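Student: I am attaching a structure below and will ask some questions about it afterwards.
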Amino acid sequence: MSNANPLALIVGAGSGLSASLARKCAAAGMRVALAARHVGKLDPLVTETHARAFACDAADILQVEALFDAIDPPELVVYNPSYRVRGPFLSLDPLEVHKTLMVTAYGGFLVAQAAVKRMLARGQGSLFFTGASASVKGYAESAPFAMGKFALRGMAQSLAREFGPKNIHVAHFVIDGGIRRPDGDPRAHARGDDGMLDPDAIAETYMAVYRQHRSAWSFEVDLRPWLEKF
């Protein structure tokens, strides 16, 4: 972790966890860059956090390279995009399955490769990946999401082993439960108090991991509501 006005890049930015992360980073004195396919939705967050927004499809190699060329080398990169298609296995649309893998896993590879190149040149950096329950267990009628999240987790493990000794902190977060949406969520009422994860609380954990001393780095952190079953 650097103390000199570092840059945090959040890929897959939106109104939920990514927004909470942007606010936490800005409050910590970090500069913030937000990347999303559609940046218009980020205008209020950009104003609030003084961030810069960049249009980027994380599964497009040229757009990812253009993103990293447009910003200073980041100290912290968070990969947050996700996409899923659900349904009985035999009725799944192969094109939708392909999109799930491209967004969830391949995009993570592209962003990680671009980030690590620049972090190695600086001699430090943190690279965080947002996982899910599906990162560690496959649910019925949710095979594509498990495929993508398993792949993302496996890549993160490989990166941690390869680049941890080079002073790059790679961490994977298993978000085991639904994240409360800021615009209201009918699931929250059904599940009761604390039945869903608070995005601000998740973001606090990301920042705590970012601040860890390298003698005691975490690779994987599981987060779930206290009511959630393992």
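All of the numbers you see were taken from the coordinates with simple rules; none came from a lab. This one's a predicted model, so the numbers in the text were calculated from it and none came from an experiment. Backbone-built Cβ (ideal geometry, glycine too); neighbour counts: all protein chains shown.
Student: When the dipole is taken about the Cα centre of the range 1-62, and only Lys, Arg (+1) and Asp, Glu (-1) are charged at their Cβ, what size is it in debye, to the nearest 20? Please list the in-between numbers first.
Tutor: Working: 6 positive and 4 negative charges, 33 e Å.
In total the dipole reaches around 160 debye.
Student: Hey, another quick one. How big is the charge dipole of the chain about its Cα centre, in debye rounded to the nearest 20, if each Lys and Arg gets +1 on its Cβ and each Asp and Glu gets -1 on its Cβ?
Tutor: The calculated dipole for the chain is roughly 400 debye.
Student: When only DSSP loop residues count, what trypsin sites (Lys or Arg not before Pro) in the range 44-94 have their Cβ near at most 14 other Cβ atoms within 10 Å? Let's see the in-between values first.
Tutor: Values: sites: ARG52, ARG84, ARG86; in loops: ARG84, ARG86.
Taking the range 44-94 and a limit of 14 other Cβ atoms within 10 Å, the loop trypsin sites (Lys or Arg not before Pro) found are ARG86.
Student: For ASP200, what is the net charge nearby, where nearby means another residue's Cβ is under 14 Å from its Cβ and Lys, Arg count +1, Asp, Glu -1?
Tutor: On the way: positive: ARG23, LYS24, ARG180, ARG181; negative: GLU48, ASP194, ASP198, GLU204.
Residues near ASP200 contribute 0 overall.
Student: In degrees, nearest 10, range 0 to 90: what is the angle between the Cα axis of helix 107-122 and the longest Cα principal axis of the chain?
Tutor: 20
Student: Now for a separate question. Which of the peptides 203-216, 5-18 is most tightly packed, and how do the rest follow, judged by the mean count of other Cβ atoms within 10 Å per residue? Write out the running numbers ahead of the final one.
Tutor: Working: 203-216: 13.9, 5-18: 22.1.
Ranking, from highest mean packing down: 5-18, 203-216.
Student: So, one more: Pop out the ³J(HN,Hα) list for the range 51-65 in order, Karplus 6.51 cos²θ - 1.76 cosθ + 1.60 with θ = phi - 60°, rounded to Hz; leave Gly and Pro as x.
Tutor: Per-residue couplings from phi come out as 7, 10, 10, 10, 6, 7, 8, 5, 8, 10, 4, 5, 5, 5, 5 Hz.
Student: Next up: Under a cut-off of 16 Å between alpha-carbon atoms, report the lysines in cross-link reach of LYS229, not counting same-chain residues fewer than 8 places apart.
Tutor: Within reach: LYS137.
Student: From the list [x] 197; [y] 207; [z] 127, can you say which value of volume of the Cα convex hull per residue in Å³ was derived from the structure given?
Tutor: Of the labelled values, this structure produces [z].
Student: Give the angle, between 0 and 90 degrees and rounded to the nearest 10, that separates the Cα long axis of helix 199-210 from the longest principal axis of the Cα atoms of the chain.
Tutor: Its long axis makes an angle of about 40 degrees.
Student: Moving on. Just tell me which aspartates and glutamates come within less than 17 Å, Cα to Cα, of LYS41; anything on the same chain fewer than 8 places away is out.
Tutor: Cα-Cα hits under 17 Å: ASP57, ASP183.
Student: Here is a further query. Among ALA115, SER135, THR104, whose Cα lies farthest out toward the positive end of the dipole of the range 56-140, if unit charges sit on the beta carbon of Lys, Arg (+1) and Asp, Glu (-1)?
Tutor: SER135
Student: So which aspartates and glutamates can LYS117 reach, going by Cα to Cα under 17 Å and dropping same-chain residues fewer than 8 places off?
Tutor: Within the straight-line limit of under 17 Å, LYS117 reaches these aspartates and glutamates: GLU65, ASP69, ASP72, GLU75, GLU162.
Student: For VAL77, enumerate residues with amide H under 5 Å from its amide H, sequence gap 5+ or separate chain, H modeled in the peptide plane.
Tutor: Close amide H contacts, sequence-distant or interchain: LEU9, SER126, LEU127, PHE128.
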